Amino acid sequence: MVNQKTTATVDIGFSHEDFAALLDKYDYHFNPGDIVAGTVFSLEPRGALIDIGAKTAAYIPIQEMSINRVDAPEEVLQSNETREFFILTDENEDGQLTLSIRRIEYMRAWERVRQLQTEDATVRSLVFATNRGGALVRIEGLRGFIPGSHISTRKPKEDLVGEELPLKFLEVDEDRNRLVLSHRRALVERKMNRLEVGEVVIGTVRGIKPYGAFIDIGGVSGLLHISEISHDHIDTPHSVFNVNDEVKVMIIDLDAERGRISLSTKQLEPEPGDMIKNRDRVYDMAEEMAAKYREQMRAKLQGNTAIPSIEIGVSDEEVLPSIEDEDVPPATEDEDVPAAIEAEEVPAAIEAEEVPAAIEAEEVPAAIEAEEVPAAIEAEEVPAATEEE
């Protein structure tokens with residue numbers, strides 16, 4: 001006969017305290033600066049509650065939902081959506097973390113503009129504001145600044161608002177929160193693609209400095225240095241040219257990296273001093289003299305003789321004002337992480353085992369107002385050529 005064993009069911013108690021202890025045992029540790037996955041389970045009037053696997057729901061205020069202005073959480077988030085979040089602040093007294101999407105967008109935006117700068121890419125952007133120093137644009141959501149000396153247009157700066165401009169990067173510095181661009185350099189590069197060293201062009205004198213004259217040639221500026229005006233000695237360019245004079249010049253150097261075009265009339269002189277004594281003869285024979293210049297260049301190349309670079313005797317700092325100490329508006333409006341969001345401004349912590357159908361949230365302060373763009377740079381006379389409102 002087979003003995004049958006009876007198995008007794010043992011009632012094992014499992015209290016809330018035991019459950020909490022188990023959660024503590026397997027709880028993840030979250031730190032400010034971490035990027036974590038989270039799921040939206042409640043949209044609030046001025047924020048949202050996010051499940052990131054912690055015992056308590058994390059909170060994202062509306063001003064941290066995007067690099068751009070957000071008026072309602074539904075513009076960015078949807079219920080049950082899972083995405084990445086940046087942990088902005090540590091737990092408050094209720095054990096609740098504060099999250100941000102905006103910080104992730106900032107980090108990735110800086111990464112993209114650094115890559116664009118590395119590739120020497122030309123970007124296009126709308127001007128959304130101007131000030132005394134220049135114009136403001138947005139690049140990948142970051143606020144960029146175009147110094148007045150790098151805006152190549154005859155329009156008043158105020159009329160540029162709403163206009164799309166081609167731009168090159170001058171400075172991309174996340175640590176200093178500076179994103180500086182050049183319209184002038186973009187135009188020069190585009191113009192350079194259609195220009196050649198040794199070519200004769202007609203331009204207009206737009207500015208005169210002690211070291212030379214700035215000549216507008218089809219919307220971009222070239223420098224006719226004092227040493228390239230004539231073989232004869234010249235005390236000052238003012239003794240030869242006036243602003244708005246139409247001149248015929250030859251291109252002797254194209255520097256795409258610096259966005260500069262160097263010009264000469266000296267190389268067009270049939271006889272030394274003709275630019276001072278007989279300018280009409282220089283202009284009449286310009287093409288003939290330019291052809292001789294190009295032939296000399298070809299002969300040097302064929303003879304494997306390096307063509308010496310043309311030193312125009314003026315530094316970049318003299319030609320263009322330095323942007324180092326200019327009052328450049330920051331690329332982002334408020335890069336400092338807020339110390340914390342007051343507990344009474346964030347919905348109270350919610351225990352994981354009791355998620356209410358709806359949570360009444362007190363209103364988080366409205367999105368940070370855009371800082372006022374400082375009055376900025378006095379642009380040096382160089383014809384030619386950062387967040388939310």
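The values are calculated or read from the model by the stated rules, or taken from the named source; none is laboratory data. Worth saying up front: this structure is predicted, and the values here are computed from it rather than measured. Note: ideal-geometry Cβ built from the backbone for every residue, glycine included; neighbour counts use all protein chains shown. We work out accessible area using only protein heavy atoms, side chains counted, and drop any ligands, DNA or RNA first. Shrake-Rupley method; radii C 1.70, N 1.55, O 1.52, S 1.80 Å.
Against the numbered list (1) open to solvent by 60 Å² or more (accessible area, probe 1.4 Å); (2) β-branched (Val, Ile, Thr); (3) under 15 Å from the mean Cα position of the chain (by Cα), Val161 comes up short only at (3). For Glu189, the stated conditions do not hold, so it cannot be described as of a type in the set (D, E, K, R) and within 17 Å of Ala286 (Cα to Cα).
Answer with yes or no whether Ser182 is hydroxyl-bearing (Ser, Thr, Tyr) and either open to solvent by less than 10 Å² (accessible area, probe 1.4 Å) or under 30 Å from Leu126 (Cα atoms) (or both). So Ser182 fits the description; yes. Kindly establish whether Asn3 is modelled with pLDDT under 85, of a type in the set (S, T, N, Q) and touching a helix residue (DSSP H, G or I) at 6+ places or on another chain (Cβ under 6 Å). No; evaluated as a whole, the condition is false for this residue. If the condition is being surrounded by fewer than 18 Cβ atoms within 10 Å (Cβ to Cβ) and polar (S, T, N, Q), then segment 228-259 contributes Thr236, Ser239, Asn242, Asn244.
Among the criteria (1) under 30 Å from Leu170 (Cβ atoms); (2) in a helix (DSSP H, G or I); (3) not hydrophobic (A, V, I, L, M, F, W, C), the one Asp120 does not fulfil is (2).
Hey, any hits in segment 110-129 for a residue that's in contact with a strand residue (DSSP E or B) (Cβ under 9 Å, 6 or more places away or on another chain), surrounded by 20 or more Cβ atoms within 10 Å (Cβ to Cβ) and at pLDDT below 95? No: segment 110-129 contains no residue that is in contact with a strand residue (DSSP E or B) (Cβ under 9 Å, 6 or more places away or on another chain), surrounded by 20 or more Cβ atoms within 10 Å (Cβ to Cβ) and at pLDDT below 95.
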